[in-house]
Amino acid sequence: MSFGNELKAAREGLGLSIQDVAQSTKIRSDYLKALEAEDFAALPERPFARSYLQNFARELRLDSAPLLRDFDRQLPQPKVQTQRPEPRSRPAAGTRRSGVPGGVIGGILGGLLLLGLVGYVGYTAYQSRTVRSAAQTTPVTLPNTRQVRLNLVSSPGGARVYVDNRYLGLTPVKNFPLDARPKAALRVEYSGRQSYRESIALTANRNLAVTLLPETAASRAAEKLAAQQAAANPATPAPATPAVKPATPRPAAPRPPALLRRPQQGRPLRRLFPRRLLPRPPASG
């Protein structure tokens, strides 16, 4: 009995239909019918057909080995003919090969590789020497990393605090880190109050308390003028007052002698001239 008839007889003996076997084995029903009818043209490729036959037989509780042998007998595996490469014919003695010899090509490639290696080593040495010389000539200055702490309270609270035009926050300011410096410009501002400005030293930790006075018209004008001057020329110092050279005292004019003095009106000449120089009045009869 062939494998197809044996499969069909076993299936009918178990009372199963093609649809029952297809549902349990997950194999298409047309492939199962082709296996029972031994219709090899309706089956897929040979490896898939053998796998379907094996699962079909296992579902029907049959030994799949004799069925597979019968399948291979009816549908033998085709032989694959391997084509051997034809051996290359060696050139006859006394004939020369065309083209560039392999030794010449290898020598050229080796020379190019050596030239590239020498260039890379030279370039690397030049770069390292340049970086080393730059590092030796350029002094490295380490910044001063020492910091101090600033604590500031104001009355009223909630004022804006600036140090060298840097905003620190609203008061109270507690333990704010700042770079140590000998001089810094402190500014405290509050809406409706006069701004507080002071130059402070930040060489150690500082604890400050600031009282902001109510703002007046004069203080507002002064604040506006100071802001305009700082914005117009913040870096140029005020011009110095030129030194005034003291005037050289002039020598006093020489005083004319008494004889050249102009007599004052109403004074007699006798008081200005000696008596001996005045003419004597004529003797009376």
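Computed values, structure above
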read-out	value
When residues of segment 180-201 are limited to those that are open to solvent by 40 Å² or more (accessible area, probe 1.4 Å) and among the hydroxyl-bearing types (S, T, Y), the one farthest from S219 (Cα to Cα)	S199
Qualifying residue in segment 229-252 (condition: within 30 Å of V148 (Cβ to Cβ), assigned to a loop (DSSP other than H, G, I, E, B) and at pLDDT 90 or above)	no
Residue count, segment 2-17 (criterion: open to solvent by less than 50 Å² (accessible area, probe 1.4 Å), more than 16 Å from Q74 (Cβ to Cβ) and of a type in the set (A, V, I, L, M))	1
Identity of the residue in segment 30-43, of a type in the set (G, A, S) and under 19 Å from P78 (Cβ atoms), that ends up most open to solvent (accessible area, probe 1.4 Å)	A41
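Yes/no matrix, rows are residues, columns are (1) among the basic types (K, R); (2) surrounded by fewer than 14 Cβ atoms within 10 Å (Cβ to Cβ); (3) modelled with pLDDT of 85 or more:
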position	(1), (2), (3)
Q19	no, yes, yes
A22	no, no, yes
T25	no, no, yes
R28	yes, yes, yes
E45	no, yes, yes
F56	no, no, yes
R69	yes, yes, yes
L75	no, no, no
V80	no, yes, no
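The values are calculated or read from the model by the stated rules, or taken from the named source; none is laboratory data. What you see is a predicted model; the values in this text were computed from it and never measured. In this analysis, Cβ positions are derived from the backbone assuming ideal geometry, glycine residues included, and neighbour counts consider all displayed protein chains. What goes into the accessible areas is simple: the full protein's heavy atoms, side chains included, and nothing from ligands, DNA or RNA. Shrake-Rupley method; radii C 1.70, N 1.55, O 1.52, S 1.80 Å.
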